[in-house]
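Here the structure is laid out as structure tokens; the discussion comes afterwards.
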Amino acid sequence: MNPDELKRLLESSRPESPLPPGTRDATVRYRFDLREGGGWILKLDQGRLAVEAGEGGADGVVVCDQADVPKLLSGEMNLLTAWARGDIEVRGESGVLKLLHTYLRHAKGAERKKRAA
């Protein structure tokens, strides 16, 4: 998955319903490290999740296979369930990762509404 495909996926899975205040007001950086090598920085900023150029520090890290990224970001794969099963690794404060989980849960709800329409 290249950065343009990732951007399109993020645009298509943006939550339509209001996010909870903690998620809506947060500014957090997540680094997705791919087991195959490489990765991306995603920034949750004021209720929007976007690809950010560069590398470096992050508030939370998700280590996964490249094939897992679209599943996680579309809500097909639940972040917490995948972590509990050992499918992905997460590093960082639990509250920071919970913000991403909350965002992705709301994005999945928006995607379901689109398919039902």
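The values are calculated or read from the model by the stated rules, or taken from the named source; none is laboratory data. Worth saying up front: this structure is predicted, and the values here are computed from it rather than measured. Quick reminder, even Gly has a Cβ in these numbers, built from the backbone with ideal geometry, and neighbours come from all protein chains shown. Surface areas here come from the heavy atoms of the whole protein model, side chains and all, with no ligands, DNA or RNA. Shrake-Rupley method; radii C 1.70, N 1.55, O 1.52, S 1.80 Å.
Of note:
- Simple label model, 7 Å out from Cα along Cβ direction - residue 66 to residue 94, nm: 3.4
- Cα shape, the chain, gyration tensor, a/c 1.5 rule: rounded
- Each label point was placed 7 Å from the Cα along the Cα-to-Cβ direction; for residue 50 and residue 25 their separation is 2.2 nm.
- Solvent exposure, largest accessible area first (probe 1.4 Å, DNA, RNA and ligands not counted), of 76, 52: 76, 52
- Full extension of the chain segment joining residue 87 with residue 1 gains 29.1 nm, where the gain is 0.36 nm per residue of separation less the Cα-Cα distance.
- Near residue 26, the amide H atoms lying under 5 Å from its own belong to 46, 47; only residues 5 or more places off or on other chains count, and H is placed 1.01 Å from N.
- Counting only heavy atoms of the protein chains and using a 1.4 Å probe, residue 77 has close to 30 Å² of accessible surface.
- Taking segment 42-76 and a reference point 7 angstrom along Cα→Cβ of residue 8, the backbone N atoms nearer than 14 Å belong to 70.
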